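The values are calculated or read from the model by the stated rules, or taken from the named source; none is laboratory data. Every value quoted in this text rests on a predicted model; they were computed, and no experiment measured them. Positions of Cβ are backbone-derived with ideal geometry, glycine not excepted, and every protein chain shown enters the neighbour counts.
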Amino acid sequence: MTVEQHWIRPEGRAELVPGTIGPRRSVPATIERPEYVDKDEAVSDTGPFVQSADVIARVREASRIAALALEAAGEAAKPGVTTDHIDAVVHDVLLQNGAYPSTLGYLGFQKSCCTSLNEVICHGIPDSTVMQEGDILNVDVTAFIHGVHGDTNGTFLIGDVHPRAQELVDCARDAMHRGIRAARPGREVNVIGRVIEKFVARQGMESVRDYTGHGVAEGFHNGLVIPHYDSAPMFDDVITENMTFTIEPMVVLGSQAWEQWDDGWTVVTKDRSFSAQFEHTMLITPEGPELLTVT
Ligand code: MF3
Ligand code: CO
Ligand code: CO
């Protein structure tokens, strides 16, 4: 399906344009920051893929805090509110819990979460854009505490939305949960992607290939790639007990062809069809995945 899907947009909602990005929010010096903040590269973005009990305990804490902030973001996401207000809410909850917003100062990103509205696939920058009834908003929160990260996102309905937008959001959530159920020790990670892509295709939608899940612990993105499509024989890492990683499928109603705004971050569908995403960080146990980004 390559037709533009303007019919799904709320009345009066044109294609998105960049808003005004407000000043950077401050973090007290008492909160530990990742090494990469305001550097050109993130040297901590590296393995190992399998974590020690000590690291796992800390990823559990980081993940719980990220989930708390995402929950607060969801409660604040309403018509009339700016995406920068969502950033303020996320920022405050993270700080109150002693965590640093992992995205703040990561490879040039200047906000405490990503806010991806409607046709934005991922990495939207919180700004002065005002949400309106019928929009869908993804908020992606990563918390850093005690040297590790926990990463989660969800897509929220802004008031009443078009039934097809609701189906898109439901499909993305269900696709994530199918992928999670497939994440069992002994399988290659590409099995996760195959399950997700097949499920999404059955609903006439597409699972975006170019942005993946990832190992997360001491590294924000530690080098382990979790595809959301059938990548075999690529991405053949075997799922192993004590891995911590994300599954975070992005699902689009039209074509997954994308372009990036001049801000160097915001990724939008070329056909401006809507996109939805959900993300959890999980721990692989002998019995299967345990979700860590839960309150
Ligand atoms: N949290 C995102 C993910 O799921 C990464 C955001 S990086 C940023 O991997 F720089 F765009 F914020
Ligand atoms: Co992630
Ligand atoms: Co994320």
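Note on the range 237-283: residues that are more than 16 Å from ligand 2 (Cβ to nearest atom), farther than 26 Å from ASP40 by Cβ and outside any loop (DSSP other than H, G, I, E, B) total 3. Evaluate the range 74-86: report whether one residue or more is over 18 Å from GLY22 (Cβ atoms) and either without any contact (Cβ under 8 Å) to a residue 60 or more places away in the chain or acidic (Asp, Glu) (or both). Scanning the range 74-86, I find at least one residue that is over 18 Å from GLY22 (Cβ atoms) and either without any contact (Cβ under 8 Å) to a residue 60 or more places away in the chain or acidic (Asp, Glu) (or both), so the answer is yes. Look at (1) in contact (Cβ under 8 Å) with a residue 60 or more places away in the chain; (2) over 22 Å from the mean Cα position of the chain (by Cα) and you find that ASP54 fails only one, number (1). For the range 99-145, give me each residue that is more than 10 Å from ligand 1 (Cβ to nearest atom), touching a residue at least 60 places away in the same chain (Cβ under 8 Å) and assigned to a loop (DSSP other than H, G, I, E, B). ALA99, ASN118, GLU119, PRO126, ASP127, SER128, THR129, GLN132, GLU133, GLY134, ASP135 - these are the residues of the range 99-145 that are more than 10 Å from ligand 1 (Cβ to nearest atom), touching a residue at least 60 places away in the same chain (Cβ under 8 Å) and assigned to a loop (DSSP other than H, G, I, E, B). Can you find even one residue in the range 18-40 that is among the hydroxyl-bearing types (Ser, Thr, Tyr), out of contact with any Ser or Thr (no Cβ under 8 Å at 6 or more places or on another chain), surrounded by fewer than 20 Cβ atoms within 10 Å (Cβ to Cβ) and modelled with pLDDT of 95 or more? Yes, that holds for at least one residue.
Quick one: is ILE192 buried (at least 23 other Cβ atoms within 10 Å of the Cβ), modelled with pLDDT of 95 or more and either within 16 Å of ligand 2 (Cβ to nearest atom) or not in a helix (DSSP H, G or I) (or both)? Can you show your working first?
Numbers: buried (at least 23 other Cβ atoms within 10 Å of the Cβ): yes; modelled with pLDDT of 95 or more: yes; either within 16 Å of ligand 2 (Cβ to nearest atom) or not in a helix (DSSP H, G or I) (or both): yes.
The answer is yes for ILE192.
Selection of the range 145-177 for residues being in contact with a Phe, Trp or Tyr (Cβ under 6 Å, 6 or more places away or on another chain) and under 22 Å from ALA217 (Cβ atoms) yields HIS149, GLY154, MET176. Across the range 212-222, which residue is farthest from ligand 2 (Cβ to nearest atom) among those that are part of a loop (DSSP other than H, G, I, E, B) and of a type outside the set (A, V, I, L, M, F, W, C)? Restricting to residues being part of a loop (DSSP other than H, G, I, E, B) and of a type outside the set (A, V, I, L, M, F, W, C), the top hit is GLU218.
Let's see how each residue does on (1) modelled with pLDDT of 95 or more; (2) over 30 Å from GLU32 (Cβ atoms); (3) within 15 Å of ligand 3 (Cβ to nearest atom):
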{"position": "GLY154", "(1), (2), (3)": "yes, no, yes"}
{"position": "GLY159", "(1), (2), (3)": "yes, yes, no"}
{"position": "PRO163", "(1), (2), (3)": "yes, yes, no"}
{"position": "ALA172", "(1), (2), (3)": "yes, yes, yes"}
{"position": "ARG178", "(1), (2), (3)": "yes, yes, no"}
{"position": "ARG184", "(1), (2), (3)": "yes, yes, no"}
{"position": "ARG187", "(1), (2), (3)": "yes, yes, no"}
{"position": "GLU197", "(1), (2), (3)": "yes, yes, no"}
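For the range 32-57, give me the residue count where each residue is farther than 24 Å from GLY105 by Cβ and in a loop (DSSP other than H, G, I, E, B). I'd like the intermediate steps shown before the answer.
Step one: filter the range 32-57 for residues farther than 24 Å from GLY105 by Cβ, giving 48-54, 56-57.
Checking which are in a loop (DSSP other than H, G, I, E, B) leaves us with 48-49, 51-52.
Number of matching residues: 4.
With respect to being away from ligand 2 (no atom under 16 Å from the Cβ) and at pLDDT 95 or above, THR83 fits the description.
Table: residues versus (1) on the phi > 0 side of the Ramachandran plot; (2) within 16 Å of ligand 2 (Cβ to nearest atom); (3) surrounded by fewer than 20 Cβ atoms within 10 Å (Cβ to Cβ).
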{"residue": "ALA66", "(1), (2), (3)": "no, yes, no"}
{"residue": "GLU71", "(1), (2), (3)": "no, no, yes"}
{"residue": "SER112", "(1), (2), (3)": "no, yes, no"}
{"residue": "SER116", "(1), (2), (3)": "no, yes, no"}
{"residue": "ILE121", "(1), (2), (3)": "no, yes, no"}
{"residue": "ILE136", "(1), (2), (3)": "no, no, no"}
{"residue": "VAL141", "(1), (2), (3)": "no, yes, no"}
{"residue": "ILE145", "(1), (2), (3)": "no, no, no"}
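Note on the range 223-236: residues that are crowded, with 22+ Cβ neighbours inside 10 Å, within 16 Å of ligand 1 (Cβ to nearest atom) and not in a strand (DSSP E or B) total 3. A count restricted to the range 280-289 and to residues that are buried (at least 16 other Cβ atoms within 10 Å of the Cβ) and either among the basic types (Lys, Arg) or within 16 Å of VAL50 (Cα to Cα) (or both) stands at 5. Check ARG209, ARG173 and return the single one that is within 16 Å of ligand 1 (Cβ to nearest atom), within 23 Å of GLU287 (Cβ to Cβ) and surrounded by fewer than 22 Cβ atoms within 10 Å (Cβ to Cβ). When all the criteria are applied, what remains is ARG173.
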